[in-house]
Every structure is written in structure tokens, then in C-alpha cells.
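First the structure, in the form of C-alpha cells, and then the observations on it.
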Amino acid sequence: MGNESSPAASAILTLDLAALAENWRRLCRLAEGAEVAAVVKANGYGIGAAPVAKALRAAGCRSFFVAHASEGLTLRRTLPDADIYVLHGLLPGEEPAAQAAGLIATLNDLPQIDICAALGRRGRPLPAALHIDTGMTRLGLSEPDVHELARNPARLAGLDLRLVMSHLACSEEDGNPMNPRQLAEFERLRALLPAAPASLANSAGIFLGPPYRFEMVRAGVALYGANPLERGVNPMVQVVHLQGRILQTRRVDSPRTVGYGATHLADRSARIATVGVGYADGYPRSLGNRGFAHVGSQRVPVVGRVSMDLITLDVTRLPADAAEPGTLVDLMGGNVDIDELAVAAGTNTYELLTRLGPRYRRIYTGGPHDA
Ligand SMILES: *Cc1c(COP(=O)(O)O)cnc(C)c1O
């Protein structure tokens, strides 16, 4: 079995950039006038930051968010003329390179504000966002920090304040009281700061209604086709399709165990298909005896443990010729709902996507340049 350019790659990851752009347009319609920025941290949630950014920029997206400054510097090569926000802010020493690349630092504490403001006062004002913590207790300015800035607005001189933002903790739960509590907190604290466009909502936050949307929403997972809501029909289009190839199908003639730890007992007359994808490829090990795949429209269970490079499927119920070696099976996307698979794995769709491994043959379709 071949290298990455082989037509018989043992696993194929197809990423539909037209679907990605369609999801961005859907969110634009849903956001009713708020700008929809794209969150492309962690290599575009595993999909590929550069192709994602290029496709969304071509669709009209103007603002992008990454976590690390290093991600922003790399992204700048793909996006010469878009706004790139760095959520983690800047580490000491990163300021000059970030400034040269025109990155917009999201400033999360007063020392960082002082460093960047001083830098901006020496030259051109430094574009920056302020992140107020309203309930994550992770990154962001505390209430006393905001009061200090309100008392002493000169500390912001030198900054070109582009955005004031916060982040929701429970946005996928429509009725959670955290949502209105954080909204009220955000309204109250941002009123103490100089006027600037505001942003609170992530993907799910868009669906909480107009008061949550402000001037900008920051969409991540929904762009990549995950259901942003905990319940109900997924309003997004699928972007990710992972297919693994059956390497061998074993007919069991007397009861025998399958895989490491002998955790599954295959009955007499069972058929077990082995697929060339494992936990080293980001297929969660927790899906052993829990996961499922699709051979065409037929759902088949993962039996036995997930190995580093292989999984085993019980294909006993399929017609004899439907699970031959070489057959491609859906592992994520296609007939396999990624959100359902994530739940089966005991994780969320974010983790499933961001772990998509490097060994797949990656195919980008529907991009702005292959029309
Ligand atoms: C990751 C992230 C987002 C995007 O969240 P999704 O739920 O993927 O839409 C938005 N804002 C911040 C601060 C983030 O860290």
C-alpha cells in the first residue's frame, strides 16, 4: 500500500471547501448583519488553516482568529489583507514580529496592555482587542482591571482599539442562566471602556439571539460542519469526510477474540473487516467496542480495541461481497455523523476534528481555485 500520492491510499480525508464557504454564508444570514469572523486556530480545527482561510477570504470573510502569535504569523502569508486576531495575546518578545505582520493582539491583562501601548506610543498606534473575562476564568481582564482602565484611560493611549470581546461558557445550552449572566456582565463592563466594536458569541452564541451578536461573532466549529447546538437538526453542511480502506476481511470459523486485550469475542461465522486507521491517526482509542462506521448505507460497529494503525469492524451482516479488501468505509462524515461519533467517543466534535492526523491523503474540493 502506497505513499501519499498513491491512488490506493489506505485512508482519504476529503475536505469540502465549498461546504465551508456555504456554512460561512449561512452564519452570515443567521447573524443578521453582525460580521462573521472565522476562528482558524489549531490548523483550522484540523481541516487546514491555509486552505480554510483562502476559501473563506474568497467568500468575503475579513476577520480571522488564531490562538498563538506564531499561528498568526504563518496565516499572514495566506492572508495579506485580512484582520488576524491573536486570542492568546503576545508573549514578551513577540510584540515586534506581531506588529510588523500587522496582527491584532487580544490583550488579556494590564502588563500586556502597558507593553503594547508603550510600543504604539513610540510609533504607529498598535491595533489591539481587549478581552474581558465574564465567566470563563481563563484568559481576560478581571473586573478590577476594567475599573483600573476606566479610572486611568491614558493606559490605553497608543492602542488602536479594534474590538472589545468576551467568551461564553455555556452557549450551546440555550436555557443556561450563565448566558444572560455573561451578557449582562459584558454589557456592564464594556461600557466602562472606550467605545469599540464588540464581540461575545462563538458559533453556538449566534443562535442565542440578536442581543448576543453585537458587531462581530466568532465562528469556529460550525464553519467546519459540526452542529453548534446540543439538540436538534444540524443547520450546517458537512465539510469533513474521512474514509478508511478495508485491508483484510477475516471469516471466523470458531469463536475467537478480536484485538489487543481480547475485549471482543467474535461468534462463529462472524466476519471482521480490518481498516487501516487507528489512534495514531486521531481515531479515538475510546471508540473501541463503542464506535461505528458505514459501509455504504449500512452501519457497522467497531469491535475490539482501536490499535495504533488499525480498527476492526463487525461486517457479518453485510452481503458477502460488500466488505472486500479495498472497499472504502465512512469513518467520519459521509453516513457517519461526526457529532454522534464524538459523543460515542466520550468527547466533543472539536477534539475529534483537531486530532485528525497527518497520515491521511488529504483532498480539498470546491476551493476558490479549482472551480
Ligand atoms: C475557539 C474560540 C471561538 C470559536 O468557538 P466555536 O465554538 O468553535 O465557534 C470563539 N472565541 C474564542 C475566544 C475561542 O477561543
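Take the conditions touching a strand residue (DSSP E or B) at 6+ places or on another chain (Cβ under 8 Å) and among the basic types (K, R) and apply them to R121. Does it pass? So R121 does not fit the description; no. The sole residue among V217, V233 that is assigned to a loop (DSSP other than H, G, I, E, B) and more than 27 Å from D321 (Cα to Cα) is V233.
Scanning the range 52-73 for residues that are farther than 19 Å from Y350 by Cβ and surrounded by 17 or more Cβ atoms within 10 Å (Cβ to Cβ) yields K54, A55, R57, A59, C61, S63, A69, G72, L73.
Of all the residues in the range 195-214, those that are within 29 Å of A150 (Cα to Cα), outside any loop (DSSP other than H, G, I, E, B) and among the polar types (S, T, N, Q) number 1. Taking the numbered list (1) more than 21 Å from R76 (Cβ to Cβ); (2) within 16 Å of the ligand (Cβ to nearest atom) in turn, A150 passes all entries but (2).
For beta carbons closer than 8 Å, sequence separation of 6+ or different chains, a first residue in the range 219-233 that is on the phi > 0 side of the Ramachandran plot and modelled with pLDDT of 95 or more and a second that is crowded, with 22+ Cβ neighbours inside 10 Å and of a type in the set (V, I, T), the qualifying pairs are G225/V239; G225/V240; G225/I338. When L265, L356 are checked against the criterion of being of a type in the set (A, V, I, L, M) and closer than 27 Å to D16 by Cβ, a single residue qualifies: L356.
Let's see how each residue does on (1) surrounded by 17 or more Cβ atoms within 10 Å (Cβ to Cβ); (2) on the phi > 0 side of the Ramachandran plot:
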| residue | (1), (2) |
| --- | --- |
| V302 | yes, no |
| D314 | yes, no |
| G334 | yes, yes |
| G346 | no, yes |
| P358 | no, no |
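Here's the yes/no breakdown for (1) among the acidic types (D, E); (2) over 19 Å from F65 (Cα atoms); (3) within 13 Å of the ligand (Cβ to nearest atom); (4) modelled with pLDDT of 95 or more:
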| position | (1), (2), (3), (4) |
| --- | --- |
| H88 | no, no, yes, yes |
| G93 | no, yes, no, no |
| A98 | no, no, no, yes |
| D109 | yes, no, no, yes |
| I115 | no, yes, no, yes |
| R121 | no, yes, no, yes |
| L130 | no, no, yes, yes |
| G135 | no, yes, yes, yes |
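The strands (runs of 3 or more DSSP E) found entirely in the range 285-367 that carry 1 or more residues being of a type in the set (G, A, S) are 292-295.
The values are calculated or read from the model by the stated rules, or taken from the named source; none is laboratory data. Only a predicted model underlies this, so the values are computations on that prediction, with no experimental measurement involved. With ideal geometry, Cβ positions are generated from the backbone for all residues, glycine too; neighbour counts draw on all protein chains shown.
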